[in-house]
1. Taking springs between alpha-carbon atoms closer than 10 angstrom, which of Glu269, Glu336, Glu182 fluctuates most in the Gaussian network model of the chain?
2. Quick one: which residues, 5 or more positions from Phe53 or on another chain, have an amide H under 5 Å from its amide H? H modelled 1.01 Å from N in the peptide plane, none for Pro or chain starts.
3. How large is the dipole of the chain about the Cα centre if only Lys and Arg carry +1 and Asp and Glu carry -1, each at its Cβ, rounded to the nearest 20 debye?
4. Principal axis extents for the range 286-371, Cα atoms only, whole Å, descending order, please.
5. So for the pair Glu210, Asp80, with labels modelled 7 Å out along Cα→Cβ, what separation do we get in nm?
6. FRET efficiency for Ala311 and Ile130, Cβ-Cβ distance as r, R0 = 35 Å, nearest 0.05?
7. For all pairs of alpha-carbon atoms in the range 1-96, what percent lies in each bin of width 5 Å, listed from the first bin to the last filled one?
8. Determine, from the Cβ-Cβ distance of Glu98 and Glu231 and an R0 of 45 Å, the FRET efficiency 1/(1 + (r/R0)^6), rounded to the nearest 0.05.
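The values are calculated or read from the model by the stated rules, or taken from the named source; none is laboratory data. As the structure is a computational prediction, the values presented were derived from the model and not from experiment. With ideal geometry, Cβ positions are generated from the backbone for all residues, glycine too; neighbour counts draw on all protein chains shown. These area figures cover heavy atoms from the full protein model, side chains too; ligands, DNA and RNA do not enter into them. Shrake-Rupley method; radii C 1.70, N 1.55, O 1.52, S 1.80 Å.
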Amino acid sequence: MRIAILSCVDFKIPGGAERFFIDMARALNATIVCLSVSDDLCTIYPDAAQVRFFPLHKTLPDEPLRQIAGMRLFKKISLDYDFFIATDDMTLRFLSEEIPHMYMMLTPRRALYDMYYPTLASMPFGKREIFMIILGIFRFLDRRFVKKHVRSIAGISHTVRTRIWKAYQKPATVIYPPIHLEKYQNLGYGDYWLSVSRIDKWKRIDLQLEAFRLLPDKKLVIAGKIYPDYEHLVHEAPQNVTFLGPVPDEELLTLYGRCRGFLTTAIDEDYGLTPLEAMACEKPVVAVYEGGYQETVADGYTGFLVAPHAADIAKAIRDVDTDPSRFGHEARKRAELFDYKIFKEQIETYVHTCFEEYTSEKDQGIHGEYE
């Protein structure tokens, strides 16, 4: 079966989503149809060399026009495959009830649904009024399209599955993105805590800074892309916090392997792969008691889940820091549940089941909208 994974992104410096799509393509021997592929992608991320790409060589404008342009692009293109996997609400426009498919949903677009009010609150008054109308129209069209054209949905966590039900009143199967256990090892418990995250408004890096202001005798290292609007955090950080910016995979593995513990604080995280990467290195995790962290971090066994308050985070870090190795065995065992081998079996079974159901319905002449 020839499978295409549709992705409206540029594969340059691969983040969590791009790596997940590469893992999915490897598991299914699928082709990734995307906007573009960097010439040095395989050098930056060697696993990409095992995947076929079909770049469309297209550039999209910034939001909100980006979403409209992406929808128009995938609505018009012609592709010849046996099965299609859409990965966002732009590539979704390629699908119809006549095409064998599934929707692998990272999350319903958050500005339209669960983060609608915080998104509006972050805008100045005049812009806010305009976007209330724009987002309302987009939400209506998104719900209508999913109801009419999408037959099978998978989400990357139970948190996302709940959002899918609230947004579309459609059931979804949970398929967790994988980690590659063989890449991770414990290199000892060093003198620093680690945070791996892009620096933007959803990750609450300012909360991490406040926690470490309360812990002047401990160090925090933060690795990840720093978005322009949040560069001020680098200058406002206490002396015991270091920003590294983006780091190569090899250096990141070393950072995981040598850290004392791992800290993550994103707002209602969709899934959260980085805590699992840390746990694969037998490192304890302190995370906020929200979203996907509740599915990956076993509170009290692989670290602690705490309220999103600096004092609570600082208290948990002090507790863990007395002997981080006591969490090591359980952390590694927990990470083993999310290994690539398990993911490969799950995604293969789900895709072939979807294809067989479509083929059976087609043979029986069943058509119409999918409730």
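1. Of Glu269, Glu336, Glu182, the most mobile in the Gaussian network model is Glu182.
2. The answer is Ile32.
3. Values: 46 positive and 52 negative charges, 153 e Å.
Here the size comes out at about 740 debye.
4. Dimensions of the range 286-371 along the principal axes of its Cα atoms: 65, 28, 13 Å.
5. A separation of 5.8 nm, rounded to one decimal place.
6. Numbers: r = 39 Å, r/R0 = 1.12.
Plugging the Cβ-Cβ distance into 1/(1 + (r/R0)^6) gives 0.35.
7. So the P(r) values, bin by bin, are 3, 14, 26, 26, 18, 11, 2, 0.
8. Values: r = 48 Å, r/R0 = 1.07.
After rounding, the FRET efficiency stands at 0.40.
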